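The values are calculated or read from the model by the stated rules, or taken from the named source; none is laboratory data. Since the structure is predicted, the reported quantities are computational estimates derived from the model, not experimental observations. Here Cβ is always computed from backbone atoms with ideal geometry, including for glycine, and neighbour counts include all displayed protein chains.
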Amino acid sequence: MVFLSRFPLFRESKRLPNKLKGKFVDSLRLTVKGGHGGNGFPKFGGVGGQGGCVYFVAEENVTLENLQKKHPTKYLRAGHGEESSKARLIGRRGKDFRVEVPVGVSIVNDDGRIIGELNDTESHCIVAGGGGGGCTGNSFIGREGQKRTITLDLKLIADVGLVGFPNAGKSTLLKAISNATPKIAAYPFTTIRPQMGIIEYPDHRQISVADLPGLIEGAHANIGHEQAEIDARKSHL
């Protein structure tokens, strides 16, 4: 028997099925670069402007799909700092690049380190700092802005959770109602980790459905899925 219930479930998108209903995007890889600092003016001691920074701001009604369409090159760069001149000894700061992202994204560096998590509306995070302007400390040569490649992972809350005993047909149901591709087999405990699928209606409304691992008899005695799976497969031999 399969029971349907609203089940809050946070999952990082890198563990979600790749094939989902519609054009749902839950992970996006971007290259970001801060602006170059402006050169100084050695003759008069002028200081170049600081390069602009790239920062993300969490907003409602924003999707990674929209972000991908808005920036098809996936390369985001802030403005360069102004060079010092006779007319303006202190150069202007470069223009910052403000990027709106969905609420609930994790910003992950290439080395797997989480740079920031934007879980609230208007929360923000600088992802690429601007280079310093030219001055006496750097021979009046503006510095390069910070450059990095990052991944935006969208954390999801399931609208519906499929809860039931092993081999009840939860994964089969998820596959039938969405384009998720959970593992389906004749033995129990094929679902070890929650799997997520997205259902899209003709009016473009979407709901998320989570296929949860099967309920285990004796869970109160600390019997885990790993041991229960071994026992179940032994019984089929």
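From the list T121, T63, T73, which one is in the same structural domain as Q146 (by TED's automatic domain parsing) and closer than 23 Å to Q146 by Cα?
On the way: T121 fails: closer than 23 Å to Q146 by Cα; T63 fails: closer than 23 Å to Q146 by Cα.
T73 is the lone residue from the list that is in the same structural domain as Q146 (by TED's automatic domain parsing) and closer than 23 Å to Q146 by Cα.
Looking at A128, A158, A78, just one residue is within 20 Å of the chain's Cα centre (by Cα), at pLDDT 95 or above and of a type outside the set (S, T, N, Q), and that residue is A128.
Report, by residue number, each residue of the range 59-87 that is touching a residue at least 24 places away in the same chain (Cβ under 8 Å) and among the charged types (D, E, K, R).
Just the residues of the range 59-87 that are touching a residue at least 24 places away in the same chain (Cβ under 8 Å), to begin with: 59-60, 62-65, 67-68, 71, 74-86.
Within the range 59-87, E59, E60, E65, K74, R77, E82, E83, K86 meet the criteria.
Among the residues of the range 22-40, those identified as modelled with pLDDT of 95 or more and either closer than 30 Å to F140 by Cα or not in a strand (DSSP E or B) (or both) are T31, V32, K33, G34, G35, H36, G37, G38, N39, G40.
Would the range 125-146 turn up any residue that is aliphatic (A, V, I, L, M) and touching an Asp or Glu at 6+ places or on another chain (Cβ under 7 Å)? No, the range 125-146 contains no residue that is aliphatic (A, V, I, L, M) and touching an Asp or Glu at 6+ places or on another chain (Cβ under 7 Å). Out of curiosity, is G45 modelled with pLDDT of 90 or more, buried (at least 18 other Cβ atoms within 10 Å of the Cβ) and closer than 29 Å to R143 by Cα? No; evaluated as a whole, the condition is false for this residue. Within the range 111-162, can you find the residues that are without any contact (Cβ under 8 Å) to a residue 60 or more places away in the chain and touching a strand residue (DSSP E or B) at 6+ places or on another chain (Cβ under 9 Å)? I114, I115, E117, listed by residue number.
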